[in-house]
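The block underneath contains the structure these notes are about, expressed in structure tokens.
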Amino acid sequence: QSALTQPASVSGSPGQSITISCTGTSSDVGGYNYVSWYQQHPGKAPKLMIYEVSNRPSGVSNRFSGSKSGNTASLTISGLQAEDEADYYCSSYTSSSSGSVFGTGTKVTVL
Amino acid sequence: EVQLVESGGVVVQPGGSLRLSCAASGFTFDDYAMHWVRQAPGKGLEWVSLISWDGGSTYYADSVKGRFTISRDNSKNSLYLQMNSLRAEDTALYYCAKEYGDDDNAFDIWGQGTMVTVSS
């Protein structure tokens, strides 16, 4: 049950778009459309931003979008805002445990 | 208001045991699978365990299999995590989380977490 691989950090200027990758295997990301993304501000619980690869829960800004190609999922934040500065984690169903596996996490910095 | 409230986190010695609880309110508890997720200080999220809506199916991360047991009491809207043979590496903030839909492995409601420290 190795963690999914994410870049440690991504940065961008206000108004720009950034993309965070999440790489797994055919036993998790590549094999199922059960990839979700979470935003976590310091000292706070994670917040669901994307589920089932590309769906947004009610109340989540449409500046957040998700996609998947092969064993790699991606989260794109468009029109970057100061409030988007946070840690982001991907997660996927994994057949190795029939549970979940999280990514290593990405710190997003708004320059 | 939809809410999850964890409790039971304390400082415990290596090899010790502990039971965490999670009280749910504001939604139909027995309609949803539930999870435990942990986060070591300064580290990332780690999935720990899953229990189906009726408690009939349970799953664990390899790191806790054989030591931790997840359970639920739908009559009390409560989720539990029995933790045995605790190790220093189990030190973390433990969150309970509600599954968003039907077996979609997405977590839409999280508690505030309860801190478990394993230290002599």
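Of note:
- Within segment B:37-58, the set of residues being more than 8 Å from every other protein chain (Cβ to nearest Cβ) and assigned to a loop (DSSP other than H, G, I, E, B) comprises B:Ala40, B:Pro41, B:Gly42, B:Lys43, B:Ser52, B:Trp53, B:Asp54, B:Gly55, B:Gly56, B:Ser57.
- Filtering segment A:48-67 to residues that are more than 11 Å from the chain's Cα centre (by Cα) and either in contact (Cβ under 8 Å) with a residue 60 or more places away in the chain or part of a strand (DSSP E or B) (or both) leaves only A:Asn55.
- Taking segment B:18-36 as the range and being touching a residue at least 24 places away in the same chain (Cβ under 8 Å) and in a loop (DSSP other than H, G, I, E, B) as the test, the residues that pass are B:Gly26, B:Phe27, B:Tyr32, B:Ala33.
Conditions (1) in contact with a helix residue (DSSP H, G or I) (Cβ under 9 Å, 6 or more places away or on another chain); (2) farther than 25 Å from B:Asp104 by Cα; (3) aromatic (Phe, Trp, Tyr), marked per residue:
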position	(1), (2), (3)
B:Leu4	no, no, no
B:Ala23	no, no, no
B:Phe29	no, no, yes
B:Arg38	yes, no, no
B:Gly44	no, no, no
B:Gly56	no, no, no
B:Ser78	yes, no, no
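- B:Gly15 vs. criteria of a type outside the set (Phe, Trp, Tyr), without any contact (Cβ under 8 Å) to a residue 40 or more places away in the chain and away from chain A (no Cβ under 12 Å): no
Every number in this text was worked out from the coordinates using simple rules, so none of it is lab data. In this text, all values refer to a predicted model and were calculated from it rather than measured experimentally. All Cβ positions, glycine included, derive from the backbone under ideal geometry; neighbour counts span all protein chains shown.
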